[in-house]
Amino acid sequence: MMEAKKPRVGFMGFGEAGYHFAKGLTRAGLTGLAAYSRSGARAAAGDPVCARAMDAGVELVKSPRELCRRADIIIAVTPGKNALAALRSARRYLRPDHVYVDASAAAVGAMEKAAALIGGKAAFADAAILGPVPLEGVRVLMLASGPGAAPFRDALAPYGANVQVIEGAPGAASAMKLIRSVFMKGLTGLLLESMEAAERCGIRGALEADISRWVDERPFSQVINRFVGSTAVHAERRMHEMADVLALLRALKSSSRMTRATRAWFREISRMGLRERFGGAVPETIAPVIEALVGKTVTR
Ligand SMILES: NC(=O)c1ccc[n+]([C@@H]2O[C@H](COP(=O)([O-])OP(=O)(O)OC[C@H]3O[C@@H](n4cnc5c(N)ncnc54)[C@H](OP(=O)(O)O)[C@@H]3O)[C@@H](O)[C@H]2O)c1
């Protein structure tokens, strides 16, 4: 059987993410990696960046032009604020058989702009890295969207890369990463607020154990359905409960910003008349609740 042709991979930017990702690809058997960064281009033998390049099996090249000549798949891992400048420096050297993957953490608008800048010159993918590359290396989960997403996934999967293609144009992967933070970071806020109050009450250990057990006992897909669906019909009752919670937090002189926001959510939902619309029954899926939210006028 003929061996599949090895992809030629180049990194635009060779900092922490580029180094660890490249090292993983090399360890998995990929050869011929190249990287360009401004400091790498100026580096002399003995500079730390040269040692890192050697360790990762990467050749540092002197210009974006050389990078584009040496690689078919270009993975940009620059600070988000430099993403468009990096692309502009490489743009004129891109060919239709290039895949340009922007994996820097940039705003959704920047990814849309990058796609427009590239136009039909190459296949573009917006990629969002969802974990720490020094810890997870090439296996770090990456979401990718846009025309270059599937070619990127297919070329690097044999070398251990974990690229999940999500539907949508460039910008969708970055949007997913940011919206995911609404939940992930919001959950952190809830934990901080509930643990602070529990500590003030002398029950932090018990609360931590109770919440952990509760979370471990059920698949989270059930939690999503139950919480969102039942809130649509029980929002008013829950709003009153949150008023009692708020009174307790105030008495404890404990932080309450997340609780105040939760109460405001329940108030807003109770005023939307969803209980009446669903005949008092919890809907089977969250779709009609979310559609109602999307259809309402935003009040904040
Ligand atoms: N590290 C992680 O675990 C991780 C996780 C998730 C997401 N990310 C994202 O991945 C991106 C890179 O992160 P990092 O940790 O590797 O950052 P870093 O260590 O600061 O490295 C950034 C690299 O980009 C280069 N660079 C900056 N401007 C450039 C330009 N215009 N053209 C070419 N190269 C340029 C820098 O070199 P010069 O200044 O010498 O050009 C440097 O090599 C960031 O957007 C970050 O948010 C990183």
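The values are calculated or read from the model by the stated rules, or taken from the named source; none is laboratory data. What you see is a predicted model; the values in this text were computed from it and never measured. Because the Cβ atoms are built from the backbone with ideal geometry, glycine has one as well, and the counts that use them run over all protein chains shown. Protein only, heavy atoms only, side chains kept; ligands, DNA and RNA dropped before computing areas. Shrake-Rupley method; radii C 1.70, N 1.55, O 1.52, S 1.80 Å.
Here are a few things to note about the model shown:
- Distance (nanometres) between label positions extended 7 Å along Cα→Cβ at Arg27 and Val294: 4.2 nm
- For the chain, modelled as a GNM whose springs connect Cα atoms under 10 angstrom apart, the maximal fluctuation among Pro288, Pro48, Pro64 occurs at Pro288.
- Global form of segment 57-144, assessed from the alpha-carbon gyration tensor, a/c cut-off 1.5: oblate
- Helix-derived mean residue ellipticity, 222 nm - over the chain, DSSP H n ≥ 4, -39500 (n - 2.57), to 500: -17500 deg cm²/dmol
- Here the chain is treated as a sphere whose radius is the Kirkwood value from Cα pairs; by Stokes-Einstein at 20 °C and 1.002 mPa s it diffuses with a coefficient of 96 µm²/s.
- Over the chain, Cα pairs under 8 Å with separation of 6+ residues give a relative contact order of 13 percent.
- Pairs from Lys62/Lys113; Lys81/Lys113; Lys62/Lys121 whose Cα-Cα separation, in the structure shown, is over 24 Å: Lys62/Lys113
- Short to long, the 5 Å bins of the Cα pair-distance histogram for segment 176-295 hold 2, 10, 16, 20, 22, 17, 10, 4, 0 percent of all pairs.
- Accessible surface, 1.4 Å probe, highest first, among residues Lys296, Lys6: Lys6, Lys296
- Shown here for segment 89-121: trypsin sites (Lys or Arg not before Pro) in loop regions (DSSP other than H, G, I, E, B) with at most 16 other Cβ atoms within 10 Å, namely Arg92, Lys121.
- Measuring nothing but how far apart in sequence close Cα pairs (under 8 Å, 6+ apart) lie, relative to its length, segment 77-174 scores a relative contact order of 27 percent.
- By DSSP, the beta bridges lying fully in segment 9-169 are antiparallel in about 15 percent of cases.
- Segment 121-233, accessible surface, carbon-and-sulfur percent (1.4 angstrom probe): 63 percent
- Projected label points at Lys81 and Arg69, each 7 Å from Cα along the beta carbon direction, are separated by 3.3 nanometres.
- Accessible surface area normalised per residue over segment 9-169 is 43 Å², counting heavy atoms of protein chains with a 1.4 Å rolling probe.
- Accessible area of segment 185-300 divided out per residue, in Å², using a probe of 1.4 angstrom: 67 Å²
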